[in-house]
1. I'd like the full set of residues that are acidic (Asp, Glu) and not in a strand (DSSP E or B), limited to the stretch 267-296.
2. Would you confirm whether or not the stretch 219-229 contains a residue that is in contact with a strand residue (DSSP E or B) (Cβ under 9 Å, 6 or more places away or on another chain) and within 18 Å of Thr71 (Cα to Cα)?
3. Could you please give the count of residues in the stretch 145-177 that are in a helix (DSSP H, G or I) and either within 30 Å of Lys112 (Cα to Cα) or touching a Leu at 6+ places or on another chain (Cβ under 9 Å) (or both)?
4. Restricting to the stretch 198-214, name every residue that is surrounded by 14 or more Cβ atoms within 10 Å (Cβ to Cβ), modelled with pLDDT under 90 and not in a strand (DSSP E or B).
5. Select, from Leu279, Leu305, the only residue that is surrounded by 14 or more Cβ atoms within 10 Å (Cβ to Cβ), more than 30 Å from Glu83 (Cα to Cα), without any contact (Cβ under 8 Å) to a residue 60 or more places away in the chain and not acidic (Asp, Glu).
6. Among the residues of the stretch 260-267, is there at least one that is without any contact (Cβ under 8 Å) to a residue 24 or more places away in the chain and among the charged types (D, E, K, R)?
7. Between residues in the stretch 382-407 that are at positive phi and residues that are of a type in the set (Lys, Arg), which pairs lie under 8 Å by C-beta distance while being six or more apart or on different chains?
Amino acid sequence: MTQTRTDIDEIIRAGRSRSPLRRVLWLVVLLGLGAGGWLWWAAGRPEGERRYETVEAALGPVVVTVTATGTVEPTNLVEISSELSGTLREVLVDYNSPVKAGQELARLDTDKLEASLEHARAMLAARQARVAEARATVRETRENYDRMVELDRRGIVSPQDFRAAQAVYARAQAALQSAAADQRVAEADLKVEEANLAKACICSPIDGVVLDLDANPGQIVASSLQAPVLFTIAEDLRRMELRVDIDEADIGKVEVGDAAEFSVEAYQDRRFPAVISELRYASETIDGVVTYKAILSIDNDAMLLRPGMTATADITVARIEEALTVSNAALRFAPPTEPEAEENSGRGLLGLLFRPPSRAPATRVTVSPEGWRTLWVLREDGMQPVEVRTGETDGMVTAIVEGGLVPGDRVIVDIVSE
């Protein structure tokens, strides 16, 4: 053990006796050998094998849909208020009450209205009496005037008496006309009071269901400035509509009559059918997004859907029951190009040391105006290009309208180096 320690000490002393220049030279040689070995290994390492990822061209349906969101609403929603001011005497319906057209929903206190109606009737009776009186006066003055005319023809009455009888008769006729006009005014006033009393009955204009109400007995209704909404009536809830917003990029694809399916949060595992019944021309812009309103008719016989539900609809704009389809990933694939050699890359050891990085493979995917494009198919003799013309797509697969592709072809979607 002592001898071994002595040997080590001698080696250390010998190493310390060497000059610093020799140590540097040894270090450079070691680094050079290491770098050369690594470059030899990197230059001689074989490239990894290529593996093709493919999908099979197959026959299947292609369904193109447009997705839109909206709310379920009644086909007809009526807000009912009172044309008269007054106090609500009674409210005859409640939430969810079914109502018929003309059914009484609430009634105002009619004491004042009934008194006004009686006053109007009395005024009409007084005007009618004045008319009768005026007619009697006209008959009396007419007879007197006719007698004066006969006496004047005989020359036994003075001109003053004749003109006085004539004036009295004219005034009687004017009084009759005035009384008749007053009678018509009284008749009109009576109709107004009768109409006010009839409007004291707040009635439903349609058959439907009471969705909302803001009316209680004893509540004072003031309709002078803005009539308050007392009842909200929805027409038959078995026939409803879905109002959705369609993006401007998709509005050219949809048409009236297109079928659709939608779902609501309350029944996430169920799909409800619908049909587009209306496409409105007016646009709506929200946060810079332009949309157009579409109305979809809904059959709600099961009474599962309720007004205000949020729905997501898938509108079918095209359907191909059986078509040759291929994954959209195959349409985006193009074989990589070989990196170009640089003139100043050098050769040998310097070339390995100072070679610039190779360029990333370039991808060239082109589509003709007629829809022709190139697919790459893996066959026995390797990767082969096939020209095809594409049709409808559902976002996942695309229909092949014509070209050299056949069912069962293995279409390349990617190349992986292993």
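The values are calculated or read from the model by the stated rules, or taken from the named source; none is laboratory data. Since we're looking at a predicted model, the values are computed, not measured. Virtual Cβ from ideal backbone geometry, glycine too; neighbours counted across all protein chains shown.
1. Step one: list which residues in the stretch 267-296 are acidic (Asp, Glu), which gives 269, 278, 284, 287.
The answer is Asp287, and nothing else.
2. no
3. Looking only at the stretch 145-177, we keep the residues that are in a helix (DSSP H, G or I), and these are 145-154, 159-177.
With either within 30 Å of Lys112 (Cα to Cα) or touching a Leu at 6+ places or on another chain (Cβ under 9 Å) (or both) added as a condition, the list becomes 161-162.
Here the count works out to 2.
4. Hits for the stretch 198-214 are Lys199, Ala200.
5. Details: Leu305 fails: without any contact (Cβ under 8 Å) to a residue 60 or more places away in the chain.
None of the other options fit; the residue is Leu279.
6. First, pick out the residues of the stretch 260-267 that are without any contact (Cβ under 8 Å) to a residue 24 or more places away in the chain: none.
Within the stretch 260-267, not a single residue is without any contact (Cβ under 8 Å) to a residue 24 or more places away in the chain and among the charged types (D, E, K, R).
7. The qualifying pairs are Gly403/Arg389.
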